[in-house]
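Trainee: Handing you this structure, nothing more for now.
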Amino acid sequence: MKMFNLTALVLLTVPALAAPAAAAPAVDPPPTLVARYNFDGGATAGKISDLSGKGSSLTVRGADNGTVAITTEGAGRYASFPALCATGAPCARAILEAPNAADLNPGTRNFRWAATVRVTAAQLRGKANVMQKGLAGAESSWKLQLTGKTGRAQCAMTAKGTGQIATATSARPIADGAWHKIVCERTATSLSISVDGVAGSRATIPATFAVDNTMPLRIGGPNFGASSDMYHGQLDDVYIQLG
């Protein structure tokens, strides 16, 4: 009688075990839009709606008869701030303001703030604050400003507790009367700027660098002080993202 190796038969019929599946790579969640203003809806009762749905509407505030005009150009609309006036004269001033909110205080999280601006060199005198939350030397702050000497865009942050200041500056001047999209971005260890997609300088910051304050969001200037760094150009598509 012919004998069979039963062990060999069993081994031949057992399928090979599949290799363990590779773990899926970790994916960071997409940034969350926490504020956006494009001015196409104009102002209603002195307020401009937040298109992010978070509810932080902007209130138009003025001093010395200043106001923010909503100007129509082609199919879109944008905000126009009061003109620069002669030195020493009572100047019309205006800002847009939204109340303090948790989503506008990034702490140490990734954060992006941006605006599209149009300004000429003749509309600059010293620095011009386009948008900001907080003041340097008081709690902490983040802001987008234009430098008066060179007309370059600059992103700036002041850290809570330490007072450390970080800045990133555009590669070239933007005060040329054309529209430019400026994006400021904070990641875990850096602050960077781009204008129309062109990268500027980058500052290295510690991961503990936090911005958290009780000030309102202000667009067009820090306050109504006689020497405040007011913005005198046009503005469109302002947005803020977390994450």
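Trainee: Would you list the strands (runs of 3 or more DSSP E) that sit entirely within segment 151-212 and hold 2 or more residues that are over 21 Å from Gly243 (Cα atoms) and free of Cβ contacts under 8 Å to residues at least 40 places away in the same chain?
Mentor: In segment 151-212, 165-169, 198-204 are the strands (runs of 3 or more DSSP E) which contain 2 or more residues that are over 21 Å from Gly243 (Cα atoms) and free of Cβ contacts under 8 Å to residues at least 40 places away in the same chain.
Trainee: Working only within segment 33-52, note down all residues that are more than 19 Å from the chain's Cα centre (by Cα) and buried (at least 17 other Cβ atoms within 10 Å of the Cβ).
Mentor: Ala43
Trainee: Right, something else. Inspect all residues belonging to segment 204-225 and state whether any of them is crowded, with 22+ Cβ neighbours inside 10 Å, in contact with a strand residue (DSSP E or B) (Cβ under 9 Å, 6 or more places away or on another chain), farther than 23 Å from Ile48 by Cβ and of a type outside the set (Ser, Thr, Tyr).
Mentor: Yes; the residues of segment 204-225 include at least one that is crowded, with 22+ Cβ neighbours inside 10 Å, in contact with a strand residue (DSSP E or B) (Cβ under 9 Å, 6 or more places away or on another chain), farther than 23 Å from Ile48 by Cβ and of a type outside the set (Ser, Thr, Tyr).
Trainee: Here's another thing I want to ask about it. Can you find, within segment 68-87, the residue that is farthest from Ala45 (Cα to Cα) among those that are in a loop (DSSP other than H, G, I, E, B) and open to solvent by 80 Å² or more (accessible area, probe 1.4 Å)?
Mentor: Thr87
Trainee: Taking the stated definitions as given, is Met215 among the hydrophobic types (A, V, I, L, M, F, W, C), assigned to a loop (DSSP other than H, G, I, E, B) and closer than 24 Å to Trp179 by Cβ? Spell out the reasoning first.
Mentor: Values: among the hydrophobic types (A, V, I, L, M, F, W, C): yes; assigned to a loop (DSSP other than H, G, I, E, B): yes; closer than 24 Å to Trp179 by Cβ: no.
Taking the combined requirement at face value, the residue does not satisfy it.
Trainee: So which residues in segment 59-78 are closer than 24 Å to Asn223 by Cβ and basic (Lys, Arg)?
Mentor: Matches in segment 59-78: Arg61 only.
Trainee: Then there's this: Take Val117 and tell me if it is surrounded by 14 or more Cβ atoms within 10 Å (Cβ to Cβ), hydrophobic (A, V, I, L, M, F, W, C) and either within 15 Å of the chain's Cα centre (by Cα) or over 19 Å from Pro222 (Cβ atoms) (or both).
Mentor: Values: surrounded by 14 or more Cβ atoms within 10 Å (Cβ to Cβ): yes; hydrophobic (A, V, I, L, M, F, W, C): yes; either within 15 Å of the chain's Cα centre (by Cα) or over 19 Å from Pro222 (Cβ atoms) (or both): yes.
Criteria met by Val117.
Trainee: Quick one: in segment 128-146, which of the residues that are modelled with pLDDT of 95 or more and farther than 16 Å from Tyr239 by Cα is surrounded by the fewest Cβ atoms within 10 Å (Cβ to Cβ)? Reasoning before the result, please.
Mentor: Looking only at segment 128-146, we keep the residues that are modelled with pLDDT of 95 or more, and these are 128-134, 140-146.
With the extra rule that they be farther than 16 Å from Tyr239 by Cα, the set shrinks to 128, 134, 140-141, 146.
Values: Ala128: 26, Gly134: 26, Ser140: 26, Ser141: 21, Leu146: 27.
For segment 128-146, the residue satisfying everything is Ser141.
The values are calculated or read from the model by the stated rules, or taken from the named source; none is laboratory data. Note that the coordinates shown come from a computational prediction; the quantities given were computed from them, not determined experimentally. Every residue, glycine as well, gets a Cβ built from its backbone with ideal geometry; the counts of neighbours run over all protein chains shown. Ligands, DNA and RNA are stripped out before the accessible areas are found, and what is left, the full protein with its side chains, is counted by its heavy atoms. Shrake-Rupley method; radii C 1.70, N 1.55, O 1.52, S 1.80 Å.
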